[in-house]
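Q: I have a structure here, written as structure tokens, and I will follow up with some questions on it.
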């Protein structure tokens, strides 16, 4: 009997090791750069990402490349900005140390071939008006795999008025260098569309980011939490500490954070910023009925493969009805017919809807039906503060 028990124990250990090895092999194979090769122009930037593993699971990344050809700046553990320095080619090699789903350590080396080319030669000016008009109307080539902010910056860079003053710092900031001794401006990205950016001085920007860091800390957010819990904790903190006030005129992020009162737009912009700061894709979305002079703002939050509707204004007014903060991670129809009808046109464009698919069912139902790990609404309500 004792021999049989020992034999059974050995078999179980062997099966466990075999499973872990197979799991490591399968998951490791998915870790890669989002591009296997990329051509960039000398002096221009390109953002490359490590896909197949979440940022919080990455423990260390070691890079190798020809420093004479390209410059590489770390933006996040899974994201790097590449700048072309000299015409030529090099291979960007990254040795990624990370954790599998069962917290088993894994290592994989991934590569991307980088080709740097010189700037295109300037065309000679001509007095032929027809030729000039046709040249001005040529649309710049855009890497459609980049988000809309990046596409906008490409257009700016290739326009004749571009002076190299504006560029993207990270997923939530665009920097505008002041001209002729003017003040530098920091724009907070709250959606993929440039028109919704709030611009601030360096002083105000630093104050905002420090406040964002404080909110993340006081929300007790940790790297090992799933995105659902992180996004919920941020929203819960906001509706518990920032009041809805009809008399508020300012709807910008600064006033929302420091006056501790706002309306729907202030909630949605600030929530989008904080989510983007902690690595969750989140957009400010708005609708406005010009005839009745009424509108609303909310957020599209990405969890898994889909985006979900989150309305902090609704959460504020219903926070004590259900024993917790609701109106999170809802289905598309939850926006409401009027808001859908008068939604800003940018959020109805194909280039937005194709990459921002809002789920037809709520996040909780999606996870339950597909057997994914998630927290039920009741579990969210009972999370300690």
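The values are calculated or read from the model by the stated rules, or taken from the named source; none is laboratory data. All values derive from a computational prediction rather than experimental measurement. Cβ sites come from the backbone with ideal geometry, for glycine too, and all protein chains shown count toward neighbours.
Q: Considering only the range 293-304, state which residues are touching a residue at least 12 places away in the same chain (Cβ under 8 Å) and either on the phi > 0 side of the Ramachandran plot or in contact with a helix residue (DSSP H, G or I) (Cβ under 6 Å, 6 or more places away or on another chain) (or both).
A: Within the range 293-304, 296, 297, 298, 299, 301, 303, 304 qualify.
Q: Still on this structure, please answer the following. Answer with yes or no whether residue 374 is in contact (Cβ under 8 Å) with a residue 40 or more places away in the chain, assigned to a loop (DSSP other than H, G, I, E, B) and crowded, with 17+ Cβ neighbours inside 10 Å.
A: So residue 374 fits the description; yes.
Q: Restricting the search to the range 281-301, which residues are surrounded by fewer than 19 Cβ atoms within 10 Å (Cβ to Cβ) and either under 13 Å from residue 189 (Cα atoms) or modelled with pLDDT of 95 or more (or both)?
A: Of everything in the range 281-301, just one residue is surrounded by fewer than 19 Cβ atoms within 10 Å (Cβ to Cβ) and either under 13 Å from residue 189 (Cα atoms) or modelled with pLDDT of 95 or more (or both), namely 281.
Q: Could you check the range 325-345 and list, in sequence order, the residues that are without any contact (Cβ under 8 Å) to a residue 24 or more places away in the chain and out of contact with any strand residue (DSSP E or B) (no Cβ under 9 Å at 6 or more places or on another chain)?
A: Matches in the range 325-345: 337, 345.
Q: Look through the range 68-85, keep the residues that are in a loop (DSSP other than H, G, I, E, B) and surrounded by 15 or more Cβ atoms within 10 Å (Cβ to Cβ), and return whichever of them is nearest to the chain's Cα centre (by Cα).
A: Within the range 68-85, the match that is nearest to the chain's Cα centre (by Cα) is 78.
Q: Applying the selection to the range 293-324, what residues are in contact with a strand residue (DSSP E or B) (Cβ under 9 Å, 6 or more places away or on another chain), over 19 Å from residue 345 (Cβ atoms) and not in a helix (DSSP H, G or I)?
A: Selection gives 301, 302, 306, 308, 310, 311.
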